Amino acid sequence: MEWIRLDKIIADAGLASRSEASRLIKNGFVTVGGRPATSGAEKVDPTETEIIVRGKTLVYQRHHYFMMNKPSGYVSATEDRNEKTVSELLDGASSRLGLFPAGRLDKDTEGLLLLTDDGDYAHRIITPAKKIYKTYYVETDGALTDGDSAAFLSGIVLRDGLRCLPGRLDIIASGIKSTAYVKIREGKYHQVKRMLAALGKPVTYLRRVAIGGLKLDGQLKAGQYRELTAEEVGAVFSGDCDY
Ligand code: URA
């Protein structure tokens, strides 16, 4: 049993803001268990009782999970005084769900960003103790070497003396400019850039391509997003991806 205010249920479903939901109720557009709803404050168990809004049955979902292909130029935040935020890329119903980024990407980093209204889920992804590896595609100046990969495995010491947990550097191509996949399970500030800077190979491009076993959907163009399937929500915790 889960008793929740009716205006919150309607807002959480992305159908209206809380105040719009109250207006819909007052104007007779909402029924609860077959009878007209009276107030946004009334408490309803949405798992037990049918709620109809403007003639359509509300599908109740406790939490929401989206993936976005984050473009460069946006900060991973819901609000910012000076910068464009990823939340500004959400439109329609998804902009009313109270989604926030589960972890951060730098303003100039692209790729997989998870957005959710589930704080526990976000915490489980972010905390290093849970050992969720994040995979990045990187381009660097300078030739990456097997010695660099070995340094990742043993734990890179950043220029400020901070030691990182062991990670992986799988080189794709090495030359004046190199490409590689990096896997890490921490989220220190600018971590991948600082790890490679410590090896003298500055990052020139960075894109996150996977979180745990969940890969970025290649169909999503920069700035696009979509809801995760139930299987994808769990894939984050089911091991690593095959990059
Ligand atoms: N590491 C970085 O340096 N930047 C990011 O955005 C993510 C990981």
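The values are calculated or read from the model by the stated rules, or taken from the named source; none is laboratory data. Note that the structure is predicted; figures quoted are calculated from it, not measured. All Cβ positions, even for glycine, are placed from backbone atoms using ideal geometry, and neighbour counts span all protein chains on display.
Any idea which residue in the range 161-183 is nearest to the ligand (Cβ to nearest atom), counting only those that are basic (Lys, Arg) and closer than 13 Å to Ser149 by Cβ? The extreme case among them is Lys183. Among the conditions (1) within 22 Å of Val209 (Cβ to Cβ); (2) at pLDDT 95 or above; (3) hydroxyl-bearing (Ser, Thr, Tyr), Thr127 misses just one, which is (2). Examine the range 115-125 for a residue that is hydroxyl-bearing (Ser, Thr, Tyr) and touching a residue at least 60 places away in the same chain (Cβ under 8 Å), and state whether such a residue exists. Yes - at least one qualifying residue is present in the range 115-125. Look at (1) β-branched (Val, Ile, Thr); (2) closer than 17 Å to Asn69 by Cβ; (3) without any contact (Cβ under 8 Å) to a residue 60 or more places away in the chain and you find that Val192 fails only one, number (2). Every condition in (1) charged (D, E, K, R); (2) within 18 Å of Asp242 (Cα to Cα); (3) without any contact (Cβ under 8 Å) to a residue 24 or more places away in the chain is met by Lys183 except one, and the failing one is (3). Of all residues in the range 18-59, those that are hydroxyl-bearing (Ser, Thr, Tyr), touching an Asp or Glu at 6+ places or on another chain (Cβ under 9 Å) and surrounded by fewer than 19 Cβ atoms within 10 Å (Cβ to Cβ) total 5. Taken over the range 44-77, residues that are within 15 Å of Glu227 (Cα to Cα), modelled with pLDDT of 95 or more and of a type outside the set (Lys, Arg) amount to 5. When the range 121-162 is filtered for residues that are assigned to a loop (DSSP other than H, G, I, E, B) and either surrounded by 19 or more Cβ atoms within 10 Å (Cβ to Cβ) or of a type outside the set (A, V, I, L, M, F, W, C) (or both), the ones remaining, listed by number, are Thr127, Lys131, Ile132, Tyr133, Gly142, Leu144, Thr145, Gly155, Ile156, Arg159, Asp160, Gly161. Residues of the range 184-204 that are within 15 Å of Tyr137 (Cβ to Cβ) and away from the ligand (no atom under 11 Å from the Cβ): Lys201, Thr204.
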